């Protein structure tokens with residue numbers, strides 16, 4: 001791999017009400033990576049470097065997180081605004097249809113992008129989007145998110161995170177995880193500073209967002225719903241499976257759990273490369289071999 005492909009270039013894009021910080025590396029078709037929750041571009045450091053030989057990998061901080069500063073006081077997050085930001089970023093990168101990976105809340109952003117701007121997206125891999133409203137016990141899930149938010153208001157972000165992780169069934173630490181690279185360790189420090197914004201203005205909005213399934217089914221973008229091999233029974237995985245059922249597609253199993261791209265970057269990158277390289281006509285035959293396990 002050449003040095004040029006590994007060089008990471010950072011830029012700022014002015015959008016209505018905010019600036020969007022993004023990084024790009026590699027060469028080839030655009031692959032945009034959208035982090036979720038309180039995360040920023042650094043969360044994909046390991047996976048991005050492994051894909052830069054085949055793609056121009058673009059990862060960014062969603063507005064309000066880290067280096068993507070909003071104008072004025074923070075507002076409650078709006079998935080349409082996030083989708084507009086992603087579309088404007090793709091326009092800035094040349095306007096050609098791009099591949100996209102979104103994880104968790106970033107997958108919700110990706111689904112909004114694909115539904116409202118299908119001409120901007122070739123294939124979206126929506127990895128464990130927390131589409132809680134699609135679950136049969138949606139009212140119970142609303143009570144859960146309200147409880148996490150109330151915990152944040154009364155006890156702070158640390159207590160809210162513990163309540164969220166326990167209720168979602170997500171374990172930490174994760175057995176067998178690859179040690180994080182230096183860039184990711186640096187990113188963890190930044191992302192801790194995003195927790196107040198996430199719990200105060202994003203957590204409830206992300207879980208309440210209902211993707212436009214009819215638009216996704218009718219649109220030209222190929223939608224792949226990803227679930228972690230180690231996520232069985234966890235809340236984000238169950239929500240993702242509910243979305244796949246409504247889309248009429250089979251979910252695709254990825255290495256690791258909810259943060260598999262982070263814990264197992266090499267295996268995750270190889271699976272993503274495989275998913276993006278197949279045609280829609282053959283994807284169900286080649287990729288969806290573990291469906292009975294969920």
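The values are calculated or read from the model by the stated rules, or taken from the named source; none is laboratory data. Keep in mind that what you see is a predicted model, and the values were worked out from it rather than measured. In this analysis, Cβ positions are derived from the backbone assuming ideal geometry, glycine residues included, and neighbour counts consider all displayed protein chains.
Where residues in the stretch 34-51 are under 14 Å from residue 8 (Cα atoms) and within 11 Å of the chain's Cα centre (by Cα), which of them is surrounded by the most Cβ atoms within 10 Å (Cβ to Cβ)? Among those residues, the one meeting the criterion is 44.
Among the residues of the stretch 77-99, what is the count of those that are more than 14 Å from residue 205 (Cβ to Cβ) and not in a strand (DSSP E or B)?
Filtering the stretch 77-99 for residues more than 14 Å from residue 205 (Cβ to Cβ) gives 84-99.
Subsequent filtering for residues that are not in a strand (DSSP E or B) retains 84-97.
Here the count works out to 14.
Among the criteria (1) assigned to a helix (DSSP H, G or I); (2) touching a strand residue (DSSP E or B) at 6+ places or on another chain (Cβ under 9 Å); (3) surrounded by 14 or more Cβ atoms within 10 Å (Cβ to Cβ), the one residue 149 does not fulfil is (2). A single member of 156, 176 is loosely packed, with under 14 Cβ neighbours inside 10 Å, on the phi > 0 side of the Ramachandran plot and modelled with pLDDT of 95 or more, and it is 156.
Take the conditions modelled with pLDDT of 95 or more and either under 19 Å from residue 119 (Cα atoms) or crowded, with 22+ Cβ neighbours inside 10 Å (or both) and apply them to residue 67. Does it pass?
So residue 67 does not fit the description; no.
Being outside any helix (DSSP H, G or I) and crowded, with 20+ Cβ neighbours inside 10 Å is the filter here; which residues of the stretch 179-210 pass it? Hits for the stretch 179-210 are 194, 209.
Taking the criterion of being without any contact (Cβ under 8 Å) to a residue 40 or more places away in the chain and assigned to a loop (DSSP other than H, G, I, E, B), the residues of the stretch 17-30 that qualify are 27, 28.
Looking at the stretch 211-218, is at least one residue farther than 23 Å from residue 120 by Cα and surrounded by 17 or more Cβ atoms within 10 Å (Cβ to Cβ)?
no
For the stretch 100-125, taking the residues that are touching a helix residue (DSSP H, G or I) at 6+ places or on another chain (Cβ under 7 Å) and in a strand (DSSP E or B), the one that is farthest from residue 272 (Cα to Cα) is identified as 121. Residue 238 satisfies every condition listed in (1) surrounded by fewer than 22 Cβ atoms within 10 Å (Cβ to Cβ); (2) modelled with pLDDT of 95 or more except (1).
Within the stretch 271-294, the set of residues being closer than 16 Å to residue 100 by Cα, in contact with a helix residue (DSSP H, G or I) (Cβ under 8 Å, 6 or more places away or on another chain) and either in a helix (DSSP H, G or I) or at pLDDT 90 or above (or both) comprises 272, 273, 274, 275. Kindly establish whether residue 244 is touching a strand residue (DSSP E or B) at 6+ places or on another chain (Cβ under 6 Å) and without any contact (Cβ under 8 Å) to a residue 60 or more places away in the chain. Answer is yes for this residue.
Would you call residue 37 assigned to a loop (DSSP other than H, G, I, E, B) and closer than 25 Å to residue 269 by Cα? Answer is yes for this residue. Determine which member of the set 74, 62 is in a loop (DSSP other than H, G, I, E, B), in contact with a strand residue (DSSP E or B) (Cβ under 8 Å, 6 or more places away or on another chain) and at negative phi. Residue meeting the stated conditions: 62.
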